[in-house]
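Structure first, then comments.
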Amino acid sequence: MALLQISEPGMSPEPHQRRLAVGIDLGTTNSLVAAVRSSLPEVLEDEHRHALLPSVVAYGNDERITVGAEAAARAIADPHNTIVSVKRFMGRGIDDARRHRTAYRFTDAPGMVRIQTRAGDKSPVEVSSEILKVLRRRAEMSLGGELYGAVITVPAYFDDAQRQATKDAARLAGIEVLRLLNEPTAAAIAYGLDNGTEGRVVVFDLGGGTFDVSVLHLSRGVFEVVATGGDSALGGDDFDRRIVEWALRETGLVQAAEPDPIGSALSAGSLSAADLRAMTVEARRAKEALSDSTLTTFSCPLSDSSAVRLPLARERFDAITADLVSRTITVVRRTLRDARIDATDAGSVVLVGGATRMPATRAAVASFFGRPALSNIDPDRVVAIGAAMQANLLAGNRREGYDWLLLDVIPLSLGLETMGGLVEKIVPRNSTIPVARAQEFTTFRDGQTALAIHVVQGERELVSDCRSLARFELRGIPPMSAGAARIRVSFQVDSDGLLSVTACEQSSGVKASVAVRPSYGLSDDEIANMLQQSFSSASADRDARALREQQVEADRLYEATRSALDVDADLLTESERAVVESLLARLRETRLGTDTDAIRHAVDALARGTEHFASRRMDRAISKALAGRRIDQID
Amino acid sequence: MLLLDKNYFDLLQLPRAFSVDERALEGAYRDLVAAVHPDRFVTDSPEQRRLAMQAATLANEAWRCLRDPASRAAYLCRLEGVSVDSAARAGASAAFLSEQMAWREALDEARLDANRLMLESLQQEVRAARDKAVRDVADLIDARGDFEAAARRVGQLMYIDRFSEQVDEALDDLS
C-alpha cells in the first residue's frame with residue numbers, strides 16, 4: 001500500500017498546481033473581482049449574490065471600517081467620513097482634488113492629498129486598499145484558497161503617479177500585482193476572445209470618473225494597442241454634477257448666472273455637505289432613469305426639511321451635458337489620428353463602462369462611426385472579465401488554444417525639463433511597452449558639479465502645463481567646462497506602464513548617485529508606515545507580518561526555480577546543478593523555521609546563485625523563437 | 001544575453017538593407033517579442049523577469065527603429081559610422097530650403113483661411129516629395145552604398161515627415 005505523501009508546510013507538492021489568480025476592476029463607482037473557473041470567466045459575488053461592490057468606504061464612529069453598499073447607505077448622513085469616488089484622487093495633489101467640488105475636507109500633504117475623516121487623515125491609497133481587501137476576501141472565500149496574485153485594471157490614460165498609487169493600494173491590501181492592465185485593453189480581450197474578433201477594434205470606455213479610448217489591432221492571438229487617448233478626469237460623475245448644478249439654479253438656491261453653483265452654495269452655507277451628497281445621489285438616480293425613460297422627477301429632501309422637486313426631461317439632460325459628450329468625441333478623433341485610421345477603418349466599436357448606457361453617448365458614438373457600437377457584454381463587467389482572463393494566463397495557466405499576447409502602450413509622453421521651462425520629450429506617447437530611451441544632456445556653467453533633473457509627463461511644450469512626476473539630483477559630477485560633461489538620462493517603462501529613471505555622467509567614468517523624491521505618490525517609507533499602522537502596533541504582530549512576507553517570497557522563488565529546473569535543467573552542468581540544489585535545500589530548511597533574516601539570506605543566495613541560469617534560459621527562449629522562423633522561411 | 005550585442009537586423013534575422021520585406025519584419029518581431037515578453041515570465045524569479053523586460057524592450061526598440069523608413073535609414077547610416085544629425089547640418093541644400101519655406105508659407109496661409117482644398121493639395125505635394133525622398137534613400141543605400149549622401153537625404157526625409165504631420169493636424173483641426 002502506498003503511503004500518503006504529506007508535503008512540508010508552504011512548499012507546494014506539485015509545482016504545476018493551478019495558481020489562484022483574479023482580475024480586479026477597481027472602479028470609480030463600483031469595483032468587481034472575477035476569476036476563470038472551469039475554463040470560463042465569471043464575476044465573483046458576495047454572500048448576498050451581489051457582484052458590484054460600490055467603491056465606497058465609511059469610517060464609522062465605532063472604529064469600524066465598512067465598504068460597499070453598507071457604506072453607501074451612510075453616504076448622505078455622514079458625508080465627511082464616507083468616501084465615494086476615491087479613484088479620482090489617486091496620485092493627485094490638493095489642487096486637483098479641490099477641482100472636483102466635493103464636500104470632503106482635504107489636507108495638503110507632500111505627494112498625495114489626504115482626506116480628513118474621524119479615523120484620521122486618509123490617503124486615497126489607504127481608502128482604495130480597503131476596497132481591495134474586501135475583494136480579496138471575497139475571492140479567497142469563493143475560490144477556497146490563498147490568492148497567488150491579481151491583475152488590477154487602471155484607466156489607460158492614468159499617468160505614472162496614478163498607476164503607482166494603484167499598485168501601492170494593492171500592496172497595502174496584501175495583494176501581489178501580476179500586472180496593471182489598461183481597462184479598454186481588458187475589455188478588448190473579453191470581446192476578442194468571446195467573439196473571435198479580428199482587425200481594428202475601437203474601445204470607447206466611459207466610466208464613473210475616467211474616459212479612455214483605445215484603438216487595437218487584433219490578429220492571430222496578438223492584441224496590439226495602436227493608440228490610446230482619454231481624459232482621466234471625465235466620467236459619469238460629471239454628468240451627475242451637471243444635474244446638481246442645474247437643480248441649484250432651477251430652484252434659485254444660486255443665481256442662474258453663477259459659474260460655480262456648487263462651490264458658491266457650499267461657501268454661502270445654503271447647501272450643507274449632506275445636502276450636496278443627497279443631491280448627488282439623486283442626480284445619479286435621475287441620470288440612470290433617463291436611460292430608460294424620457295422623463296423623470298428630480299426629488300430630494302434637504303436638511304432644513306425643505307425639498308427640491310423638479311421634472312427633468314431627457315432632452316434637457318442632454319442639453320446640459322452636450323459639451324461633456326462632445327469632449328469624448330474630440331478625444332476619439334485625436335486618438336484615431338494617432339492611430340492613423342479613419343472612422344470608417346474601425347472594424348468594430350465596443351462600449352465599456354456604465355456611463356455608456358446614456359442614450360446621448362451611444363448616439364454620438366454611433367453617429368461618429370456611422371454604425372451602432374457593440375455592447376453585448378455587460379459594460380459594467382466586461383473589464384473585470386477581461387482582467388480575469390489575463391490573470392489566468394499570466395499565472396501560468398496557458399495551454400494549447402488558450403494563449404495570446406498583449407502589446408500595450410504608454411498613454412502620455414515622458415520627458416525632462418530643459419532650459420527655459422521647456423519639455424524635451426524622451427519617450428513619445430503610444431510607444432509599445434516595455435520601452436527604454438536615453439538622452440544625453442550637458443552642463444550649463446563651468447565647474448558645475450550637480451544637475452537637477454525634473455521628470456514630467458504630458459503632451460504640452462511647457463513644463464508648467466505637464467504633470468510633474470519626480471525630481472532628481474545628480475551630484476558628484478567632476479568639475480569641467482560648460483558643455484563638456486555628458487550626462488546620460490535613461491528612462492525605462494515596464495509592462496505595468498511604470499517609469500524608472502537613472503542618470504549617470506559618462507565622460508569621466510564617474511558614477512554619480514541619484515536621489516529620487518517623488519513629486520506625487522507615496523514614498524516607500526510612507527507605504528511601510530501605513531503597512532505597520534494597518535496592523536496592530538505591537539511589535540510581535542509586525543514581526544509576524546515580516547516573517548509571513550518573507551515566507552511568501554521564499555515559496556515563490558522556490559517554486560519558480562523548481563519549475564525552471566523541470567524544463568531547462570540541461571542548461572546547467574552537473575556541478576552547477578548541484579550548487580542550485582544545495583541552495584534550494586537550504587531555502588527549504590530555513591523556510592521551516594521562524595528566523596526572518598535567515599530566510600531572507602537564503603532567498604538572496606538562491607537568487608544570486610541562479611542568475612546565470614536565468615540568463616541561459618532567456619537565451620534559449622530567444623534562440624527557439626528565431627530558429628522557428630528560419631524553418632518557417634525554408635518552408 | 002544573446003540579444004545585447006546584435007544589431008537590429010541580425011536580431012530579427014533580416015538582411016542589412018534599406019529595402020525590407022515588411023511582412024517578414026513584422027513576423028520576426030512578433031515571434032521574438034512573444035518569446036521574451038514579461039507576460040510569459042510573471043511566475044518566474046525576479047532576475048528572470050528583469051531579463052524578460054530587457055529583452056522585450058530591445059525587441060520593441062528594434063521594431064520601432066526598423067518599421068519606419070526614416071529611422072531605418074538613419075540606423076543603417078549610423079551602423080556605417082555616419083551621423084544623420086551632422087550630415088543634415090552640413091548639407092542642407094538651397095533648393096530644399098526654399099521648398100521648405102514655400103511649404104511653410106502655404107501651410108500658414110491655408111490655416112489662416114481654413115482652406116481645405118489648399119491643405120489637401122499641399123498634403124499631396126508633401127506626400128509625393130516624401131515618396132521621392134524614400135526612393136532616393138533606397139537607391140543611395142542599397143544600390144550605391146553612399147552613406148554620406150544618404151544621411152543628407154535622410155535628414156530631409158525626417159524634415160518632410162515632421163512637416164507632413166503638421167499638415168495632417170491642420171486638416172484634422174478643420175473637421
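The values are calculated or read from the model by the stated rules, or taken from the named source; none is laboratory data. These figures come from a predicted structure and were not determined experimentally. Because the Cβ atoms are built from the backbone with ideal geometry, glycine has one as well, and the counts that use them run over all protein chains shown.
Structural remarks
- Within segment A:335-357, the set of residues being within 23 Å of residue A:379 (Cβ to Cβ) and surrounded by fewer than 17 Cβ atoms within 10 Å (Cβ to Cβ) comprises A:343, A:347.
- Any hit, segment A:41-49, residues being on the phi < 0 side of the Ramachandran plot, assigned to a loop (DSSP other than H, G, I, E, B) and crowded, with 24+ Cβ neighbours inside 10 Å: no
- Residue B:115 meets each of the listed conditions (1) surrounded by 13 or more Cβ atoms within 10 Å (Cβ to Cβ); (2) touching a residue at least 24 places away in the same chain (Cβ under 8 Å); (3) of a type outside the set (D, E, K, R) apart from (2).
- Restricting segment A:551-566 to residues that are farther than 15 Å from residue A:586 by Cα and touching a helix residue (DSSP H, G or I) at 6+ places or on another chain (Cβ under 8 Å), the residue that is nearest to the other protein chains (Cβ to nearest Cβ): A:560
- Residue within segment A:261-272 that is modelled with pLDDT of 90 or more and in a loop (DSSP other than H, G, I, E, B) present: no
- Test: residue A:422 is on the phi < 0 side of the Ramachandran plot and not assigned by TED's automatic domain parsing to the domain that holds residue A:483: no
- Test: residue in segment A:341-364 that is within 14 Å of chain B (Cβ to nearest Cβ) and of a type in the set (A, V, I, L, M): yes
- Residue A:347 being in contact (Cβ under 8 Å) with a residue 12 or more places away in the chain, within 29 Å of residue B:168 (Cβ to Cβ) and in contact with a Lys or Arg (Cβ under 6 Å, 6 or more places away or on another chain): yes
- When B:110, B:138, B:74, B:133 are screened for being within 22 Å of residue B:21 (Cα to Cα), outside the structural domain of residue B:16 (by TED's automatic domain parsing), surrounded by 18 or more Cβ atoms within 10 Å (Cβ to Cβ) and in contact (Cβ under 8 Å) with a residue 60 or more places away in the chain, only B:74 passes.
- Filter result (touching a Lys or Arg at 6+ places or on another chain (Cβ under 7 Å), closer than 15 Å to residue B:73 by Cβ and part of a helix (DSSP H, G or I)) within segment B:3-29: B:9, B:25
- Hits in segment A:392-418 (condition: surrounded by fewer than 17 Cβ atoms within 10 Å (Cβ to Cβ), among the charged types (D, E, K, R) and either within 14 Å of chain B (Cβ to nearest Cβ) or touching a helix residue (DSSP H, G or I) at 6+ places or on another chain (Cβ under 9 Å) (or both)): A:398, A:399, A:403
- Restricted to segment B:132-175, and to residues there that are in a loop (DSSP other than H, G, I, E, B) and more than 14 Å from chain A (Cβ to nearest Cβ), the residue that is farthest from residue B:84 (Cα to Cα) is B:145.
- Index of the failed condition, residue A:166 passing every other in (1) surrounded by fewer than 24 Cβ atoms within 10 Å (Cβ to Cβ); (2) farther than 30 Å from residue B:28 by Cα; (3) of a type in the set (Ser, Thr, Tyr): (1)
One line per residue, one yes/no per condition, for (1) within 15 Å of the chain's Cα centre (by Cα); (2) modelled with pLDDT of 90 or more:
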residue: B:108; (1), (2): no, yes
residue: B:133; (1), (2): yes, yes
residue: B:162; (1), (2): yes, yes
residue: B:172; (1), (2): no, no
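- Test: residue A:476 is part of a loop (DSSP other than H, G, I, E, B) and touching a helix residue (DSSP H, G or I) at 6+ places or on another chain (Cβ under 8 Å): no
- Any hit, segment B:32-45, residues being free of Cβ contacts under 8 Å to residues at least 60 places away in the same chain, within 10 Å of chain A (Cβ to nearest Cβ) and surrounded by fewer than 19 Cβ atoms within 10 Å (Cβ to Cβ): no
- Residues being touching a helix residue (DSSP H, G or I) at 6+ places or on another chain (Cβ under 9 Å) and farther than 25 Å from residue B:55 by Cβ - total across segment A:584-621: 18
- If you go through segment A:445-488 and keep only what is among the charged types (D, E, K, R), touching a residue at least 12 places away in the same chain (Cβ under 8 Å) and surrounded by fewer than 18 Cβ atoms within 10 Å (Cβ to Cβ), you end up with A:445, A:446, A:459, A:460, A:461, A:471, A:473, A:475, A:486, A:488.
- Any hit, segment B:97-118, residues being of a type in the set (S, T, N, Q), within 14 Å of chain A (Cβ to nearest Cβ) and over 21 Å from residue B:67 (Cβ atoms): no
- Remark: residue A:107 falls outside the filter, which requires a residue to be buried (at least 18 other Cβ atoms within 10 Å of the Cβ) and more than 16 Å from residue A:171 (Cβ to Cβ).
- Members of segment A:419-444 that are more than 14 Å from chain B (Cβ to nearest Cβ) and either assigned to a loop (DSSP other than H, G, I, E, B) or without any contact (Cβ under 8 Å) to a residue 12 or more places away in the chain (or both): A:420, A:442, A:443, A:444
- Any hit, segment A:118-133, residues being surrounded by 17 or more Cβ atoms within 10 Å (Cβ to Cβ), touching a strand residue (DSSP E or B) at 6+ places or on another chain (Cβ under 7 Å) and without any contact (Cβ under 8 Å) to a residue 24 or more places away in the chain: no
- Any hit, segment B:75-95, residues being within 14 Å of another protein chain (Cβ to nearest Cβ) and either farther than 19 Å from residue B:11 by Cα or out of contact with any Ser or Thr (no Cβ under 7 Å at 6 or more places or on another chain) (or both): yes
- Here is the figure for segment A:340-371: residues that are within 23 Å of the chain's Cα centre (by Cα) and among the small types (Gly, Ala, Ser) total 3.
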